[in-house]
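*Asks:* Here it is, the structure in full.
The values are calculated or read from the model by the stated rules, or taken from the named source; none is laboratory data. Please read all numbers here as calculations on a predicted model, not as lab measurements. Cβ placement follows ideal geometry from the backbone for every residue including glycine, while neighbour counts extend to all protein chains displayed.
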Amino acid sequence: MGTSWLFDIRSALLVGALLTLMIGMVLLVVGRSLAAEYRPSLFHWVAATLLQPAGFVMLSLRDQLDPWISTVLANACIALAFAAYARAVRLFYRAPSTRWLLSALVLLSVMISVYWGVVAPDLTLRLIAISLTLGGLLGYSAWTVFRHAERRGPIRLVTGGVFALAAGIMFYRAGALVIDPGLVTGVFQITHVQLLTYAVGSVLPVIATVGFLLMCTERSQRELERAARVDYLTDCYNRRAIEEQGARAMAAARRHGMPLAVLVIDIDHFKRINDELGHAAGDQALVQSVARIRAEMRTEDVLGRLGGEEFIVLMPNTDSASAVSAGERIRLGFASRPLQLAEGRRAATLSIGVAMLAPMDRHFSQLLQRADRAMYAAKNAGRNLVMADAMSGWEPGPPR
């Protein structure tokens, strides 16, 4: 006795709509735990997961609703959903806005639905044109993910891959109907082309939303790792991270037989800025100071903040004369114009200490302390100076 299997596309559409709606609700709940920077892209993603099921429901009721609703409005909702996905992805990656392109594709889908769905009904031409338009929207999302993803990996493949697969199926349906116009004679006709198309609509929101949440999680994890290494105010390495960088630079210098220079930089009379103008002005001064120091650094130099108004520059493959010359360039460039603070212009100078890696330096802290002592020597000599350590080896310095 054989068993006959029946597949009802209407029921599949309604199930897909329900599943997509549930995904949207889950995303709303989970999205509250995401950082505020994700909210614009999250808003568009949730909008997509609400618009798509609305379009599916109207499609499933085609025999009971007016064509303006079951064809034009339904396709408009689906096109808007796919455009919202594309917009969400571009917002997530901070890519330039392309609203005109997305709006044009949505408008095109509406015009197609109106003309070949209501004015001059032609199912084949409508399906071909709509498939190409929706495929373009889906393909644009895939291209954005693959073009702008911060790193290669499974998350990028999952999110971008599902959009690429969906776009491919849409283009395949258009091509199949061009080759065989009689392949689909009814919207709910069970053919492999229609099954693939409606499967895309049901599965896309689930997999794509999982991929989107994984993208958010990956970026959040990366930002946490960065926050543990970067000074929140000046955006340069914090003390722990710069000392780790220094230890690696020291090992590399010895391994390759190259010199290594360290500059310790202190902003002169910085306490006066805080006391007289307030801590907000002090923060502005620190940010501007870092920008000025960076402007005089080489690409391979590394900048870190030791704490307060004290900074360090690692200069690999740099001899003593070049390091002192770099220190002078930084000092002169810094003092050439006053800091532009909200409370007014404020002249400021730097005291800089220079130390070279010496054979007796067993730890980076020894090299750092010699550069620090040279910086204090510059301060004691009148400030706004560059002083080089005698490079006579490490000795305990005076208490700070």
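*Asks:* Report yes if residue 370 is modelled with pLDDT of 90 or more, among the charged types (D, E, K, R), surrounded by fewer than 21 Cβ atoms within 10 Å (Cβ to Cβ) and in contact with a strand residue (DSSP E or B) (Cβ under 7 Å, 6 or more places away or on another chain), otherwise no.
*Replies:* Details: modelled with pLDDT of 90 or more: yes; among the charged types (D, E, K, R): yes; surrounded by fewer than 21 Cβ atoms within 10 Å (Cβ to Cβ): no; in contact with a strand residue (DSSP E or B) (Cβ under 7 Å, 6 or more places away or on another chain): yes.
So residue 370 fails the test.
*Asks:* Could you grab the pairs with beta carbons closer than 6 Å, sequence gap of 6+ or different chains, first residue in region 329-355 and within 17 Å of residue 287 (Cβ to Cβ), second one aromatic (Phe, Trp, Tyr) and modelled with pLDDT of 90 or more?
*Replies:* Close Cβ pairs (under 6 Å, with a partner that is aromatic (Phe, Trp, Tyr) and modelled with pLDDT of 90 or more) amount to 350/334.
*Asks:* Look through 390, 374, 326 and report the one residue that is closer than 25 Å to residue 258 by Cβ and part of a loop (DSSP other than H, G, I, E, B).
*Replies:* On the way: 374 fails: part of a loop (DSSP other than H, G, I, E, B); 326 fails: part of a loop (DSSP other than H, G, I, E, B).
Testing whether each residue is closer than 25 Å to residue 258 by Cβ and part of a loop (DSSP other than H, G, I, E, B) leaves just 390.
*Asks:* With outside any helix (DSSP H, G or I) and over 17 Å from residue 201 (Cβ atoms) as the only criterion, which of 104, 95 stands out? Give the steps one after another, and end with the answer.
*Replies:* Values: 104 fails: outside any helix (DSSP H, G or I).
Exactly one of 104, 95 is outside any helix (DSSP H, G or I) and over 17 Å from residue 201 (Cβ atoms), namely 95.
*Asks:* Applying the selection to region 120-154, what residues are under 20 Å from the mean Cα position of the chain (by Cα), outside any loop (DSSP other than H, G, I, E, B) and either surrounded by 20 or more Cβ atoms within 10 Å (Cβ to Cβ) or of a type in the set (Lys, Arg) (or both)?
*Replies:* Passing the criteria: 140, 141, 142, 144, 145, 147.
*Asks:* Cβ-Cβ under 6 Å, sequence separation 6+ or interchain: first residue in region 260-274 and assigned by TED's automatic domain parsing to the domain that holds residue 364, partner assigned to a strand (DSSP E or B) and among the small types (Gly, Ala, Ser). Which pairs?
*Replies:* 262/355; 264/353; 266/351; 268/351
*Asks:* What number of residues in region 318-350 are over 37 Å from the mean Cα position of the chain (by Cα) and crowded, with 16+ Cβ neighbours inside 10 Å?
*Replies:* 1
*Asks:* Can you tell which of 244, 276, 225 is of a type in the set (Asp, Glu), closer than 18 Å to residue 368 by Cβ and out of contact with any Leu (no Cβ under 9 Å at 6 or more places or on another chain)?
*Replies:* Working: 276 fails: closer than 18 Å to residue 368 by Cβ; 225 fails: closer than 18 Å to residue 368 by Cβ.
Selected residue: 244, the only one of 244, 276, 225 that is of a type in the set (Asp, Glu), closer than 18 Å to residue 368 by Cβ and out of contact with any Leu (no Cβ under 9 Å at 6 or more places or on another chain).
*Asks:* Filter region 102-131 down to the residues that are farther than 11 Å from residue 72 by Cα and hydroxyl-bearing (Ser, Thr, Tyr) and list them by number.
*Replies:* 103, 124, 131
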